[in-house]
Amino acid sequence: IGAPLKKIDGRLATAPAWTAIEVARALKRPRVLATLDAALRSGTCTRTELEQALDEQRGRRGVVAVRELLPLADARAESPMESEMRLVFIDWELPTPELQYEIRDLHGQLWRLDFAWPEYRVAAEYDSMEWHANPVAVKHDRIKTARLQEMNWTSVPAVVDDIRQYPVELCTRIRRHFDRAA
């Protein structure tokens, strides 16, 4: 089957949904979800278009993994590592978190949390070295954590190793906070 073409800025290109499925089929499972999340986030294709492209590519290598993860795709994921982290939560059967949850602190400042379980007052944040390892970001993160603590929220930070090497420990840490809140 040839890829369906679409005119984009006067040039023929493969349709975004087809391209997303084609790319996702060749990736490892965590990056499959990240690719599907990014495709939806980009706004260039819909879930229905992704489902149609997946159906058109049935029988090809990698389709099974994509089919398994497409129902979990979420346009609210803002980075590949957030997608990977969410997949860890799914695999370890944590309750489904709210993504990009907004909360106003006692001082009136609005904060956004990567993952939140409001019923437990628990948040989880992916902290990349690229964005969180400089003095301005460290200060911002400390203030955010302190403001959440003032409201009896617990924030669980995670780095790439927590997600890829120590997922059991990460999920156990989060579950302990759920248990304390219950």
Could you work out the helix-only [θ] at 222 nm for the chain, with each DSSP H run of four or more residues adding -39,500 (n - 2.57) and the total divided by the number of residues, to the nearest 500 deg cm²/dmol?
-> -15000 deg cm²/dmol
Gyration tensor on Cα atoms of the range 98-182, a ≥ b ≥ c root eigenvalues, a/c under 1.5 rounded, else prolate if a/b beats b/c, else oblate, says oblate
Surface per residue (accessible, 1.4 Å probe) for the range 32-177, Å² = 55
Between E130 and Q165, what FRET efficiency follows from the Cβ-Cβ distance if R0 is 22 Å, with the result rounded to 0.05?
-> 0.75
When the chain is modelled as a GNM with alpha-carbon springs shorter than 10 Å, which of V66, V138, V159 fluctuates the most?
-> V138
Under the Karplus curve 6.51 cos²θ - 1.76 cosθ + 1.60, θ = phi - 60°, whole-Hz ³J(HN,Hα) for the range 105-121, x wherever Gly or Pro sits | 7, 5, 9, x, 7, 8, 10, 10, 10, 4, 9, 9, 10, x, 5, 9, 6
Separation in nanometres of the label points that stand 7 Å from Cα toward Cβ, at E93 and R29 = 1.5
Work out the length of the dipole vector of the chain about its Cα centre, built from +1 on the beta-carbon of each Lys and Arg and -1 on the beta-carbon of each Asp and Glu, and round it to the nearest 20 debye.
-> 320
Shape call for the range 26-83, from the Cα gyration tensor axes a ≥ b ≥ c (a/c under 1.5 means rounded, otherwise prolate when a/b beats b/c, else oblate), comes out oblate
Computed over the Cα atoms of the chain, what is the convex hull's projected area averaged over all directions, in nm²?
-> 12.4
Where in the chain are the helices, taken as whole DSSP H runs, whose Cα atoms extend 15 angstrom or more along the long axis and whose Kyte-Doolittle mean reaches at least -1.0?
-> 29-42, 80-91, 135-150, 167-181
Reachable aspartates and glutamates, given that their alpha-carbon falls under 16 Å from the alpha-carbon of K144 and they are not under 8 places away in the same chain = E102, D105, D114, E125, D127
Build a GNM of the chain with springs between Cα atoms under 10 Å: which of R121, R58, R47 gets the top mean-square fluctuation?
-> R58
PRE reach from N152 (point 7 Å along Cα→Cβ): which of the range 74-117 fall under 15 Å by backbone N?
-> 106
Keeping the other protein chains in place, figure out the carbon and sulfur percent of the accessible area of the chain, with a 1.4 Å probe.
-> 52
How much FRET efficiency would the formula 1/(1 + (r/R0)^6) give for T172 and T44, where r is the Cβ-Cβ distance and R0 is 30 Å, rounded to 0.05?
-> 0.20
What is the Cα centroid distance between the range 60-79 and the range 1-33, reported in whole angstrom?
-> 13
How would you rank 32-43, 167-178, 139-150, highest first, on the average number of other Cβ atoms within 10 Å across their residues?
-> 32-43, 167-178, 139-150
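The values are calculated or read from the model by the stated rules, or taken from the named source; none is laboratory data. This one's a predicted model, so the numbers in the text were calculated from it and none came from an experiment. Every residue, glycine among them, receives a Cβ derived from its backbone with ideal geometry; neighbour counts consider all protein chains shown. Side chains are part of the model used for accessible areas, which takes the heavy atoms of the whole protein and leaves out ligands, DNA and RNA. Shrake-Rupley method; radii C 1.70, N 1.55, O 1.52, S 1.80 Å.
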